[in-house]
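The values are calculated or read from the model by the stated rules, or taken from the named source; none is laboratory data. Source: prediction; values computed, not measured. Backbone-built Cβ (ideal geometry, glycine too); neighbour counts: all protein chains shown. Just the protein is used for accessible areas: all its heavy atoms, side chains included, with ligands, DNA and RNA removed. Shrake-Rupley method; radii C 1.70, N 1.55, O 1.52, S 1.80 Å.
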Amino acid sequence: MKKIEMIVPCYNESDVLEMFYKEVTPVMQSLEGLDYYFIFVNDGSKDNTLEILKSFAEKDSHVKYISFSRNFGKESAMLAGLKNSTADLVGILDADLQHSPTLIPEMVKAVTEEGYDVAAAKRSDRKGESGFKSFLSNAFYKVANKMTEVSIDPGAQDFRIMKRKVVLSIVSIAEHNRFTKGIFSFVGFNTKWFAHENRERAAGETKWSLFKLLRYALDGILGFSNVPLRFSFWSGALFFAFGFIYGLIFVIRRLIEHGRLISVNIMIAMLFVIGGLVLICLGIIGEYLARIYTEVKNRPNYIIDETNINE
């Protein structure tokens, strides 16, 4: 019998795990011809998430768990789940129940009967989000799709079901600074999209602060684009041309009018503008160097403290 494994990243999800287990388990049991398993990944939770996962595993042999030594982030949690999966079909599902479990049977049908390699979900709306957060998210995808080598659907989510070959291609990409949505697009494969309305968290609070979202957006752009580096070159060339033309005009006017035609205030303002631009360019280069430094160190994306997968 073929297997399907659902990877569930968890960080301080003790408030919602019981609800998740009760809602998703019947859906997985309804899948005909498939033996199902959960791979819960405890991403260094500070609450009793791990204890709850262990209690699930004690009463249900379909529950597997991985627990990190500390918080490494959702990207690392998804990677750990994918690397430790062995099933014919592998899915990713958030523990907060914002992803609609009722879509799973249709998604499975798409990859088992309709010839698709990936069945992925995307939001048809941003209900429950603040207007500011929605604006930033839409702006990021517009900028990212113009600057990067991959195209990411603005509503695309991590919630998806994939064939084994897709999983193998994803884990073969040995990057430390991972932007999984970009990696999903990079590896390609025949994908069927499922639109669904956004659901609010069943319990608990979101773990994505504004700073984390901005950092995630930066990882996405820098991980798949060299455009920011080219910005340094073209902005430098533009200011050089502007300075040359401005200087030439100043010399000609001074020769003709024999006067002091340039203001100290204008010079100071120009110095601030050019100095700021130089610092921005150095910052961009520094971000790329930092990523090179991280990759060269080759530290693991995560460290597993305990797991029941090999039992």
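General observations
- Filtered residue count, the range 36-64, keeping only those that are of a type outside the set (D, E, K, R) and under 20 Å from Ile161 (Cβ atoms): 8
- Selection from the range 1-17 of residues that are in contact with a Phe, Trp or Tyr (Cβ under 9 Å, 6 or more places away or on another chain) and open to solvent by 50 Å² or more (accessible area, probe 1.4 Å): Lys3
- Among the residues making up the range 21-61, those that are part of a loop (DSSP other than H, G, I, E, B) and farther than 21 Å from Ser100 by Cβ are Gly33, Asp43, Gly44, Ser45, Lys46, Asp47, Asn48, Asp60, Ser61.
- Checked against the criterion of being assigned to a helix (DSSP H, G or I), over 26 Å from Thr307 (Cα atoms) and at pLDDT below 85, the range 116-132 contains one or more residues that satisfy it.
- Residue satisfying all of: in the range 161-186; surrounded by fewer than 19 Cβ atoms within 10 Å (Cβ to Cβ) and of a type in the set (A, V, I, L, M); modelled with the lowest pLDDT among these: Ala174
- Test: residue in the range 81-95 that is of a type in the set (Lys, Arg), at negative phi and part of a helix (DSSP H, G or I): yes
- Residue check for Asp96: within 25 Å of Leu17 (Cβ to Cβ), surrounded by 15 or more Cβ atoms within 10 Å (Cβ to Cβ) and at pLDDT below 85: yes
- Matching residues, the range 47-75, being of a type in the set (Ser, Thr, Tyr) and crowded, with 22+ Cβ neighbours inside 10 Å: Thr49, Tyr65
- Looking only at residues of the range 76-88 that are open to solvent by less than 20 Å² (accessible area, probe 1.4 Å) and within 23 Å of Gln29 (Cβ to Cβ), we find that the one that is nearest to the chain's Cα centre (by Cα) is Gly81.
- Selected residue (criterion: modelled with the highest pLDDT) from residues of the range 1-50 that are farther than 20 Å from Phe72 by Cα and among the polar types (S, T, N, Q): Thr25
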